[in-house]
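Below is one structure; the comments refer to it alone.
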Amino acid sequence: MRISPAQLPAVKNIVRPRPLVSARQYWSWTALGALSTFLLVSTGAHIATLPVPDTDFWWRGFGGLTYVESHTVFYLSIALLTMAWWALRPGPTPTSLARLATTWGLWATPLFLGAPLASRDVYSYVAVGRLAEHGANPYVTSAFVGLGGDTLSSVAFIWRGTITPYGPLFIRLCHIATAASGSSEGAAVLVVRAMELLGVGLLAMGLFLLTQSTLGRTDWAWWLALLGPAPLIAYASSGHNDVLMLGLMVCGCAFVARQRLIVGAVLLGLAVCVKLTAVLAIATVLLLLLRRRDTNRWRTLITFATVASATVALIAVVVGDGFGWMSWRALHIPVLIHTEITPVTNISHFLRQILAWCGLPINFSKVLRVTNTLALVAELVLLARLACGVTSTNWRTRLGLALLVVVFLGPTVWPWYFLWGITVLATTTSVQHTFLAVVGVATAVLVGPGGTMMIGGNGFLLTAPVLLLIVWRLVRRGAFAKSLAWRDDD
């Protein structure tokens with residue numbers, strides 16, 4: 001049953017709509033958010049992920065601040081931005097989309113023009129484009145082998161010797177971006193970011209189409225999936241290609257919801273050509289079609305699968321680099337990177353330390369191998385349970401939950417990965433569940449302005465018990481079983 005505003009105070013774990021505010025109050029909070037993002041960029045400029053060497057003068061911050069002062073102002077700015085975002089949560093009556101779009105633009109502009117924050121991935125995208133410019137195949141040649149100079153120096157060290165795991169559509173877009181930007185690393189970053197803004201536009205349109213064809217509210221979807229601190233930094237500053245995948249994926253789901261299956265299949269195929277993660281969306285739609293009770297369901301299912309597959313094959317052939325992003329070499333890359341912000345890795349460190357204290361000094365790689373295997377088994381079981389109950393009333397909710405399961409139990413997690421599931425759930429009435437807002441804020445601070453993990457050293461001694469406690473409480477309360485009862489438009 002859909003929750004009315006009058007019922008909300010009696011419902012637990014739901015984000016309460018904000019009280020009615022005047023236009024003056026709304027724009028005051030918007031101004032605070034804009035000031036916050038300006039401070040993020042200004043103070044983060046010399047502690048952010050600058051290109052090597054740093055030759056772009058407009059990225060230089062307040063030189064008079066020390067390292068500690070810069071970090072203090074940076075995180076205070078995150079706090080102010082979070083306050084402004086929370087104050088602008090939708091009210092009982094829908095917020096004007098024009099207002100929200102203007103707010104996003106004002107908040108995102110400093111981030112777009114400033115130094116990349118929280119990740120060096122945008123330099124990897126530039127490197128992929130440069131490799132393509134030189135005629136190299138990014139699925140065969142790494143940046144270390146095919147490049148040199150500023151482009152190679154700016155790429156994060158852990159990615160210099162790996163092939164790209166991204167799809168052919170994204171490779172072609174990176175090629176176009178670097179070809180248009182010339183030899184300047186700073187200009188290439190801005191052009192790649194501008195390309196990612198196309199994804200923001202697609203995502204905004206997809207959220208609008210999907211919520212307009214269901215009982216969802218576009219203002220809630222935009223507030224959670226676009227306006228929060230995590231998506232703002234990830235899309236406008238870091239320039240992650242996840243927004244391109246999500247934009248195409250959500251648009252594809254919107255056309256599926258409107259029974260425009262061919263268009264939906266093409267868009268979902270294009271999403272796979274950015275990141276393979278979008279295969280989960282295709283699988284969900286196929287399960288949805290399989291549950292249909294009409295006589296043409298098999299023909300419809302086969303047609304959808306054929307069109308999506310043909311789209312992927314066509315893009316791969318046109319780009320000409322093959323299907324390397326689906327190869328074991330590419331798929332195995334996440335397993336090689338062990339970050340302590342990954343829940344499974346974090347808990348593995350804790351378990352190894354407990355065993356060492358008990359007189360059983362086992363090599364960390366062995367512990368990690370066991371925990372990763374157990375996590376994979378749990379992941380497959382949970383995905384199977386989600387898949388078994390896919391219907392026309394819950395398929396978007398099941399897709400969003402599946403994406404969160406894949407991220408939480410995955411071998412390597414980066415904070416912006418959580419935006420996959422949050423974005424899809426934003427199109428449902430689950431958008432008002434408090435934990436989505438909490439995760440959206442927490443993921444914004446898991447990585448520092450320079451791209452370094454905020455959990456390191458012996459930090460797992462604190463974070464792992466917290467993670468285990470959260471998992472234990474969720475299991476004890478039957479949270480997953482309860483989530484299986486969620487519907488897209490309850």
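The values are calculated or read from the model by the stated rules, or taken from the named source; none is laboratory data. Since the structure is predicted, the reported quantities are computational estimates derived from the model, not experimental observations. Virtual Cβ from ideal backbone geometry, glycine too; neighbours counted across all protein chains shown.
Descriptive notes on the structure:
- First in region 447-466 and more than 14 Å from T345 (Cβ to Cβ), second anywhere and part of a loop (DSSP other than H, G, I, E, B) and among the aromatic types (F, W, Y), Cβ under 8 Å, 6 or more apart: V447/W414
- Scanning region 269-327 for residues that are touching a Ser or Thr at 6+ places or on another chain (Cβ under 9 Å), of a type in the set (G, A, S) and either at pLDDT below 95 or more than 28 Å from L419 (Cα to Cα) (or both) yields one hit, G324.
- Yes/no for I163 being β-branched (V, I, T) and touching a Lys or Arg at 6+ places or on another chain (Cβ under 8 Å): yes
- Close pairs from region 321-349: first within 30 Å of V466 (Cα to Cα) and acidic (D, E), partner assigned to a loop (DSSP other than H, G, I, E, B) and at pLDDT below 85, Cβ under 8 Å, at least 6 apart: E340/I455; E340/G456
- Of all residues in region 314-326 being surrounded by 14 or more Cβ atoms within 10 Å (Cβ to Cβ) and among the small types (G, A, S), the one that is farthest from T164 (Cα to Cα): A316
- Helices (runs of 4 or more DSSP H) (entirely within region 94-171) containing at least 2 residues that are touching a residue at least 40 places away in the same chain (Cβ under 8 Å) and either crowded, with 19+ Cβ neighbours inside 10 Å or among the small types (G, A, S) (or both): 97-113, 121-133, 149-154
- Residue match in region 437-448 (condition: in a helix (DSSP H, G or I), among the β-branched types (V, I, T), surrounded by 22 or more Cβ atoms within 10 Å (Cβ to Cβ) and under 14 Å from the mean Cα position of the chain (by Cα)): no
- Of all residues in region 336-349, those being of a type in the set (A, V, I, L, M, F, W, C) and either in contact with a Phe, Trp or Tyr (Cβ under 6 Å, 6 or more places away or on another chain) or assigned to a helix (DSSP H, G or I) (or both) number 3.
- Residues being part of a helix (DSSP H, G or I) and closer than 28 Å to L376 by Cβ - total across region 311-335: 12
Condition check ((1) among the hydrophobic types (A, V, I, L, M, F, W, C); (2) at pLDDT below 95) across all residues:
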| position | (1), (2) |
| --- | --- |
| G135 | no, yes |
| S142 | no, yes |
| G146 | no, yes |
| L152 | yes, yes |
| V155 | yes, yes |
| R160 | no, yes |
| P165 | no, yes |
| P168 | no, no |
| I171 | yes, no |
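- Count - residues of region 460-490 that are part of a loop (DSSP other than H, G, I, E, B) and loosely packed, with under 12 Cβ neighbours inside 10 Å: 3
- When we screen S392, S348, S365 for residues that are surrounded by fewer than 13 Cβ atoms within 10 Å (Cβ to Cβ) and more than 30 Å from D490 (Cβ to Cβ), the only hit is S365.
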